[in-house]
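Here the structure comes first, spelled out in structure tokens, and everything after it is commentary.
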């Protein structure tokens, strides 16, 4: 880890500075501006710290990592207010083996938002960008630079930016040696299973991971993918028109962890934490096979019930990390919790921290970045020895109430130790990747849906003595308000021939707690279709396979086929992404930077002024009307609008991992009776003088003295350098605009001019 503080090499010597200052006093205004923009009115350089890891470096900027809470940006509303940082990095020598990932420019500002691939950095007042340079702007004080080559010479430059996008400080510029693969190499060699996600842009390894969703997950936002920065994402958003309001995008690891008495198993992963208020991640150790959880209790209530029973859970929401145990009767109990921020381990969007978990039958302990943060026994409960499946869950509790259609969780370097429980290799085939395959089977309505799974491979094993198993796997869950009912004579027919009985939804509580089988919960079902041997027959076809369900009343989704092969016997495999369209984050509705009027004249903009109000309140104004505008972030509170949040509060950041920055802020006005949207532009602020501003609080004056008295609609909009429009940030916008229409959505505030 390398810390940087400015030295005499960073600025000019005192004599030169004094001479140029005298010249500046006698120079015309334009010449003065040129001199100042060349470094002589600039503040001292930021203090930066660089920490290297595999293909990534974490940069702290004027950051009190030990006590991070309260490091707000103090913004008076002036364009000169410091508002963030411009971070630029580049390889010191052009290399033929530079990773072919991403596009030079500020694509690394976030994770795969194509808007960030278009904008060039405005001409800088300092040095031109070196070859191969990338850049980002941020209002957070910690960021990660990615992707990097390991053990390769790079330089990083950090400068402060103000609300106009002008550089306000000298540059902190230091060399560093790219990524450092030592920690990950040690994990890879020391763990039984390890996935570093160092794959090309697209799907994760289907032989190791399974993705599933529930009926209330917005099908557009059920994504699990690897980006072009050597890490993985889980993306989740809640449908608001569905039954229930709890969404999941879940990844099951296909290998089991054996927990035994007398030893502690090690689980590692690098993860950030979802900072949108209704978003959570869980890591569950499940004693039975399950692809989703019915323990989706957002508030982590004591005694909340669900299935499976007997699970151990790590949970992160915002700055809080907790460990819970679900007892044999399916009731959840929080064992311990910590606030990461108060421990000096502040969670920041798109900044992964290294979690190290030790699990035994006697207790569990958690370290973050090498620091112990949590240790607890299970008393008065117990955690049984056994073989456990690990399930990641990205969980959302009606995420549109955050005015946030979807959010990302960023993770990497997952693995665990212990014995090999099942060495078989899994080949997975699905109905589709994009969207949802939800269908309902009902005898009462005569609905008997057919699910088609394409299998282009000969499934028979290659080894003479090997016996492979083919399984049909799917989820029971109701997508309406009727009750799930599976009768003993219900079946699934395979390719219009063999019929297999449908299993009952599993309840693993002991002794049996029948009350756990409540409406709406998901249940994973597995049906063995048959065995395969070399040269033998197959229960499945090469090509399209039809599965028709005859159930009394059951919602069905996540239908897929798993074929399990003994080691060394697996034939050629065509993964789902080679068969079906694989949606990427870049295809989603993009969210521009948030923007809102925080105050107009003397009135804070609150619920009574919002579109959701039955009759939105009208604000009386006259003369020069002060407008307080927040863009790219939100203020701490109405009584402290000068304090802007760190970490940043922004649906753009939560959904993309970063910001494109703001090129301009505009205010439009129109008579309330006019249908012309957005009206006439009455104010314009250019905010990309040297680089797009990462955020801003702008106090502007709107002159109404030439306007006829009457009611007017005021609308504020910010725009990124590539033209992506802002998202209104009042809190109820997702109730009025679909995710695809949020960027650039017209959200006016009514005022009454009385001069």
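The values are calculated or read from the model by the stated rules, or taken from the named source; none is laboratory data. Keep in mind the model is a prediction, meaning the values are calculated, not measured. Note that we place each Cβ from the backbone using ideal geometry, even for glycine, and neighbour counts take in every protein chain shown.
If I ask for residues that are outside any loop (DSSP other than H, G, I, E, B) and under 19 Å from residue 504 (Cβ atoms), which ones from region 535-552 would you list?
Residues satisfying the conditions are 547, 549, 550.
Taken over region 529-541, residues that are over 15 Å from residue 492 (Cβ atoms) and either in contact with a strand residue (DSSP E or B) (Cβ under 9 Å, 6 or more places away or on another chain) or buried (at least 17 other Cβ atoms within 10 Å of the Cβ) (or both) amount to 6. A residue that is under 17 Å from residue 293 (Cβ atoms) and out of contact with any helix residue (DSSP H, G or I) (no Cβ under 6 Å at 6 or more places or on another chain) occurs somewhere in region 270-277. Residues of region 204-223 that are closer than 21 Å to residue 426 by Cα and at pLDDT below 95: 223 alone.
Conditions (1) surrounded by fewer than 20 Cβ atoms within 10 Å (Cβ to Cβ); (2) in the same structural domain as residue 634 (by TED's automatic domain parsing); (3) modelled with pLDDT of 95 or more; (4) within 29 Å of the chain's Cα centre (by Cα), marked per residue:
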residue	(1), (2), (3), (4)
558	no, no, yes, yes
571	yes, no, yes, no
587	yes, no, no, yes
604	yes, yes, yes, no
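Checking each residue in region 207-227 for being crowded, with 20+ Cβ neighbours inside 10 Å and in a loop (DSSP other than H, G, I, E, B) picks out 214, 215, 216, 218, 222, 227.
Among the residues of region 648-665, is any under 33 Å from the mean Cα position of the chain (by Cα), under 30 Å from residue 396 (Cβ atoms) and either assigned by TED's automatic domain parsing to the domain that holds residue 84 or part of a strand (DSSP E or B) (or both)? The answer is yes; a qualifying residue exists. Summed over region 421-436, the residues that are touching a strand residue (DSSP E or B) at 6+ places or on another chain (Cβ under 8 Å), surrounded by fewer than 20 Cβ atoms within 10 Å (Cβ to Cβ) and in a loop (DSSP other than H, G, I, E, B) give a count of 4.
Within region 698-724, the residues that satisfy the criterion of being in contact with a strand residue (DSSP E or B) (Cβ under 6 Å, 6 or more places away or on another chain) and under 20 Å from residue 165 (Cβ atoms) are 698, 699, 700, 716, 717, 718, 719.
Quick check on region 396-417. Is at least one of its residues closer than 30 Å to residue 532 by Cα and either assigned by TED's automatic domain parsing to the domain that holds residue 146 or buried (at least 22 other Cβ atoms within 10 Å of the Cβ) (or both)? No.
The condition (being touching a strand residue (DSSP E or B) at 6+ places or on another chain (Cβ under 7 Å), surrounded by fewer than 21 Cβ atoms within 10 Å (Cβ to Cβ), assigned to a loop (DSSP other than H, G, I, E, B) and assigned by TED's automatic domain parsing to the domain that holds residue 747) is satisfied by just one residue among 616, 583: 616. Of the residues 362, 356, the single one that is assigned to a loop (DSSP other than H, G, I, E, B), over 30 Å from residue 732 (Cα atoms), at pLDDT 95 or above and not assigned by TED's automatic domain parsing to the domain that holds residue 317 is 362. Looking at residue 544, is it touching a strand residue (DSSP E or B) at 6+ places or on another chain (Cβ under 6 Å), within 30 Å of residue 297 (Cα to Cα) and surrounded by fewer than 21 Cβ atoms within 10 Å (Cβ to Cβ)? Considered against the rule, which asks whether it is touching a strand residue (DSSP E or B) at 6+ places or on another chain (Cβ under 6 Å), within 30 Å of residue 297 (Cα to Cα) and surrounded by fewer than 21 Cβ atoms within 10 Å (Cβ to Cβ), residue 544 comes out as no. Within this structure, residue 591 fails the test of being in a strand (DSSP E or B), under 30 Å from residue 739 (Cα atoms) and either in contact with a helix residue (DSSP H, G or I) (Cβ under 6 Å, 6 or more places away or on another chain) or in the same structural domain as residue 729 (by TED's automatic domain parsing) (or both). Residues considered: 247, 276. Of these, the only one that is in the same structural domain as residue 416 (by TED's automatic domain parsing), crowded, with 22+ Cβ neighbours inside 10 Å, within 16 Å of the chain's Cα centre (by Cα) and outside any strand (DSSP E or B) is 276. Restricting attention to region 478-496, does a residue exist that is farther than 19 Å from residue 243 by Cβ, assigned to a loop (DSSP other than H, G, I, E, B) and under 36 Å from the mean Cα position of the chain (by Cα)? Scanning region 478-496, I find no residue that is farther than 19 Å from residue 243 by Cβ, assigned to a loop (DSSP other than H, G, I, E, B) and under 36 Å from the mean Cα position of the chain (by Cα), so the answer is no. Give region 514-528 a look and list any residue that's in a loop (DSSP other than H, G, I, E, B) and either at positive phi or buried (at least 18 other Cβ atoms within 10 Å of the Cβ) (or both), or say none. Result: 517, 520, 521, 522.
Total residues in region 739-755 satisfying the condition of being over 30 Å from residue 588 (Cβ atoms) and surrounded by 20 or more Cβ atoms within 10 Å (Cβ to Cβ): the figure is 2.
Here residue 617 meets each of (1) in contact with a helix residue (DSSP H, G or I) (Cβ under 9 Å, 6 or more places away or on another chain); (2) within 20 Å of residue 407 (Cβ to Cβ) with one exception, condition (2).
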